[in-house]
Each structure stands twice: as structure tokens, then as C-alpha cells.
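All remarks here apply to the structure that follows.
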Amino acid sequence: PTMAHSKALLVLENFIGGKFVPCSSYIDSYNPSTGNVYCRVPDSGKEEVEAAVRAAKDAFPVWSSKSPLERSQILNKLADLIEHDLEAFAQAESKDQGKTITFARTVDIPRAVHNFRFFASSILHHVTECTEMPTMGCVHYTSRAPVGVAGLISPWNLPLYLLTWKIAPAIACGNTVVAKPSEMTSVTAWMMCKLLEKAGVPPGVVNVVFGTGAKAGEALVCHPDVPLISFTGSTLTAQRITEKSAPHCKRLSLELGGKNPAIIFDDADLSQCIPTTVRSSFANQGEICLCTSRIFVQRGIYSEFLKRFVEEAKKWKTGNPSDPTISVGALISKEHLEKVRNYVKKAQAEGARVLCGEGVDPLALPPGNQKGYFMLPTVIAEVKDESCCMQEEIFGPVTCVVAFDTEEEVIKRANGVKYGLAATVWSSNVGRVHRVAHKLQSGLVWTNCWLVRDLNLPFGGMKASGIGREGAKDSYEFFTEVKTITIKH
Ligand code: NAD
């Protein structure tokens, strides 16, 4: 492309009924690593959502009556097409979100491909239930059918990864969908739309409406012909969605925020624990719902842990996301960067110690990235449990380290937040690992590891971290309606 071309803004369009359609107004989307507007995203509202829901409704009868095998083949084809363009998708995700190219190449896009392959396979293996009642001469069995038009709303931190984690099971089960990605990270969803026809996805099966939560998102949530909403995002938005969908009695799946503890006992293998806990704190700039943000270390190893942890954290270089040697890219927006920085300031004001990162170490950025939204991995110690830094989701490269004495005490403190998404436990005592895992109020507990997922098993949070679970069986149950049929012979 010429210079003029490469500087021109990328303009996205909605994808409705198998066609790209322009919108009457647009929102600016920023490149977080430069601070420049580089893309314009449709600012859709009721009208666009209405058109998309109509297209999805029209496509439902044919799509829902296809055999699971036919749908499976289409999903596999789509996975192949995304995989074929993996590098282009990874570049786009990194530019749009600020994440490192390495993370986009090795996590985001491969997982999006895997989401389609996984549900293409798992949809072929579900078995429904059957019971007999010989004395009544009856057999009962259950049958499952797709629900209809599914509304899918996703956040900005893992854009294509989380959107496809919803689209894949929804359409595998025979539903049609209207998806609304985050207005801050819409590009890869738009790129995926370009592949749908070639994959054999019929027009109207997948519709994507771009825009803000308040306008496009809410129109989708309030639409009477959308009986189920699968949402991943913040707890605050989930409350609003719950209120707005209540008059329609919609089926909701809510995957929300976390304030995830790591519990490190004095018999932990620190050579494994320290690099993994640095990764669980700072991967994707700390912008993963599963990131560790409260580290409880048993008193006997506290000083050694802190010293080695800070040394390891300092190895994570912050800078241009397209540089493959960089571990920490840019945060999503200027507002978000300010919010995360303010937490560090509040902790300092309360008397906590910032051991490295924000306000302590210099941040050197290449000339092209001076206006980007960057922050160094930041470790804070001596924070009180009741401090906002230990209670609220920060969602940035900030982690707090505190000491504990006993198992009983640490379970109580780890559970002492409103969230309950994920936890990690580090110990070489297998009995202790089981005991602690059972007592933690957390939808996921990783012991001696982090972020190792089998998509067959349930994913989701307790307390303010969500309602419902996603996974092979759980997503199948969410995206289908079950019926019990009784036959008397
Ligand atoms: P957010 O709640 O601000 O936005 C999420 C999505 O909801 C966006 O598409 C947004 O446009 C839309 N939205 C906003 N208001 C809406 C409304 N009134 N009606 C309908 N839709 C609306 O969240 P975010 O800032 O994009 O993402 C970060 C949050 O997501 C964090 O809290 C993080 O923990 C959470 N998250 C959870 C998981 C999980 O699986 N549990 C995964 C990733 C992120």
C-alpha cells in the first residue's frame, strides 16, 4: 500500500444476513500502543440490532434442522480458514487491543481456532438421558433442541478468543446468533465475518453488530426475540443486563470479574511457583479475568519470595507490542491506564510499599510509542486486606503480596472478597492441596500451575464472578432447551 493508504482509517461495517452493511454513525477506535485513532467502528443502535435479529430469526429454521455432523463440518472449515490467516489475525488483535504480538500469536488466535474445532467435535458426542418405569409401562427420555436467536456480548481483553468461545457452541447446537463485540476491539470479529461464507455458514446464522454497550448491547439485551444472552464482562454491566432482561425472563450466562488469590505455602517449589505467578499476574498486561492479583505467602518464605518475585517481574519488558522480545504491551485505553495507576497511588497513600514498576522504575519507550498506554509490571507489598487494591478488580499489571501464618487463616482471607472466579494453590503436600481447594470459594482452582484448561470441564465463577458455567456439557446445556418425553407402551 502507498503511504496514503496505510494511513487511511480502517472502517468496519456490520455483518447482517450474510452482507456487510454500513452504519449511519461511527465511533473512533484507538491503537493503544500509539494513542492514535486508526479505525472507525459502527455505532449501531436499535435499528441495526432489529435487522440482525430478523436475519437470525429467518436463518433459524434451516440451520437448526441441519444434522450436528453438517454443522460440525462447517465449524471445522471456519477453524481452518482462521488458522490459515493466523498471522493477519494476530497482527490485527495486537494492534487493536495493545497486547503483544507473541501473546496474540500463541494464545488468542490459536485458541479461537481451537474453540471452533473443539465444539465441532464435542457436539457429536452428547448423549441424552433415558429412564424406564416398568411398573407403569413407561419409558422416559430427554431430547434437546436449540433455543433460537442467541445474543452474545464479549469484552475487550481477549476479543476473538472470548467471542468464538460463545459463537462456536451456540451455532454448533443449532442456534443462530447476534454478536456484539466490545466497541474497543472489533476488528478481528469483522475479519472473521469475511470468512463465514467461504466456510459454508449460511447467511443470517452469524450476525455481528458493532457498537457501544449502552446502545447496541442494550438493544440486544432488550430485544424480545432474543431468549438467551451469553455475556462476558464486568460485574457492573452484568447487573444492568440482569435488570434489563428480567421482564423477558431471559436465560443468562454471566462470566464476570475476579480478584484471584495465589496461596503459596512454605513447602512450595518456588522455582516453578515464581515464574508462573509472575505470568499469572502480568500476562496480557494483567488484563485477563483469571489473573492473580492477591498473593498470600507463608511467613517463613515471605522475604525470600518477595525478593525473587520482584527480580523475576523486572525481567518482563514493557514496550512496543509488535516487538517479539516484549512481554507487556499497552493497556486498552487512556482511561483504563489512569484507573490502574490510581490504584497504585491509593495503595501508596495507605502506606503500602511499591517494590517495582509504576512510579518506582523508569519506563523507556520507543519514539513511536510515547503516547501509548503503557505501564510497568507493579508489585505492591504490605497492603491491608480491606484496601481497595485487595478488594476490587484492578485488571492491569498490578499485584499485591502479603504474608500469612496458617492454612485456616489464609482460606478465610482468600475468600474475603466479593468475587470467586479463580485461585491458585502452591504446595507439595497433596493432602493440603485438596483440603484448601475444597474450601476456596472459587469456580476454578489451579494447584501448582495456572491457566491449564480442559475445555470439556466447567468454566465460570462463584459469587460476583458469575452465574452459569461454560464448557463442553455446560455450553451444550445452556444453548439448548431440554424436553422430557414419556412413552407408554
Ligand atoms: P464491560 O462489562 O465494560 O463490557 C463488556 C461488553 O458488554 C462490551 O461489549 C460492552 O460494550 C458491553 N456492554 C456494556 N454495557 C452494556 C449494557 N448496558 N448492555 C449490554 N451490553 C453492555 O467489560 P470490559 O471492560 O469490556 O471487560 C473487562 C471485564 O470483563 C473485567 O471485569 C473482566 O474480569 C471481565 N472478564 C471476565 C471473563 C470471564 O470469563 N469471567 C473473561 C474476560 C473478561
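The values are calculated or read from the model by the stated rules, or taken from the named source; none is laboratory data. Remember, it's a predicted structure, so these values are computed and weren't measured experimentally. Here the Cβ is made from the backbone with ideal geometry for all residues, glycine too, and neighbour counts use every protein chain on show. Accessible surface areas use protein heavy atoms only, side chains included; no ligands, DNA or RNA. Shrake-Rupley method; radii C 1.70, N 1.55, O 1.52, S 1.80 Å.
Quick one: is Gly257 modelled with pLDDT of 95 or more and closer than 19 Å to Phe459 by Cβ? Before the answer, list the steps.
On the way: modelled with pLDDT of 95 or more: yes; closer than 19 Å to Phe459 by Cβ: yes.
For Gly257, the condition - modelled with pLDDT of 95 or more and closer than 19 Å to Phe459 by Cβ - is met.
Out of curiosity, is Pro362 away from the ligand (no atom under 16 Å from the Cβ) and under 23 Å from Arg279 (Cα atoms)?
yes
The residue of segment 309-329 that is least open to solvent (accessible area, probe 1.4 Å), among those that are part of a helix (DSSP H, G or I) and aliphatic (A, V, I, L, M), is Ala313.
On the basis of being open to solvent by 10 Å² or more (accessible area, probe 1.4 Å), over 20 Å from the mean Cα position of the chain (by Cα), closer than 21 Å to Gly460 by Cβ and in the same structural domain as Asp28 (by the TED database), does His126 make the cut? So that I can check it myself, show each step before the final result.
On the way: open to solvent by 10 Å² or more (accessible area, probe 1.4 Å): yes; over 20 Å from the mean Cα position of the chain (by Cα): yes; closer than 21 Å to Gly460 by Cβ: yes; in the same structural domain as Asp28 (by the TED database): yes.
Taking the combined requirement at face value, the residue satisfies it.
Of all residues in segment 312-331, none satisfies being within 16 Å of the ligand (Cβ to nearest atom), in the same structural domain as Asp267 (by the TED database), closer than 24 Å to Glu93 by Cα and out of contact with any Pro (no Cβ under 8 Å at 6 or more places or on another chain). Scanning segment 129-154 for residues that are surrounded by fewer than 20 Cβ atoms within 10 Å (Cβ to Cβ) and β-branched (Val, Ile, Thr) yields Thr131, Thr135, Val139, Thr142. Within segment 373-400, the set of residues being under 18 Å from Asn157 (Cβ atoms) and either in contact with a Phe, Trp or Tyr (Cβ under 8 Å, 6 or more places away or on another chain) or open to solvent by 10 Å² or more (accessible area, probe 1.4 Å) (or both) comprises Tyr373, Pro377, Glu392, Glu393, Ile394, Phe395, Gly396, Pro397, Val398, Thr399. Listed by position, the helices (runs of 4 or more DSSP H) contained in segment 156-253 that have at least 3 residues being within 10 Å of the ligand (Cβ to nearest atom) and buried (at least 19 other Cβ atoms within 10 Å of the Cβ) are 159-172, 218-222, 235-245.
Applying the selection to segment 451-461, what residues are open to solvent by less than 70 Å² (accessible area, probe 1.4 Å) and touching a residue at least 40 places away in the same chain (Cβ under 8 Å)?
Of segment 451-461, the ones open to solvent by less than 70 Å² (accessible area, probe 1.4 Å) are 451, 453, 455, 458-461.
Those that are open to solvent by less than 70 Å² (accessible area, probe 1.4 Å) and touching a residue at least 40 places away in the same chain (Cβ under 8 Å): Leu451, Leu455, Phe459, Gly460, Gly461.
If you check Thr292 against the conditions, is it more than 16 Å from Phe103 (Cβ to Cβ), surrounded by 24 or more Cβ atoms within 10 Å (Cβ to Cβ) and in contact with a strand residue (DSSP E or B) (Cβ under 9 Å, 6 or more places away or on another chain)? Spelling it out, Thr292 is indeed more than 16 Å from Phe103 (Cβ to Cβ), surrounded by 24 or more Cβ atoms within 10 Å (Cβ to Cβ) and in contact with a strand residue (DSSP E or B) (Cβ under 9 Å, 6 or more places away or on another chain). When you check Val482 against the structure, is it open to solvent by 30 Å² or more (accessible area, probe 1.4 Å), in a strand (DSSP E or B) and in contact (Cβ under 8 Å) with a residue 12 or more places away in the chain, yes or no? Answer is yes for this residue. Determine, yes or no, whether Asn260 is buried (at least 22 other Cβ atoms within 10 Å of the Cβ) and more than 10 Å from the ligand (Cβ to nearest atom). No. Annotation: of all residues in segment 337-355 being crowded, with 20+ Cβ neighbours inside 10 Å and within 16 Å of the ligand (Cβ to nearest atom), the one that is farthest from the chain's Cα centre (by Cα) is Tyr343.
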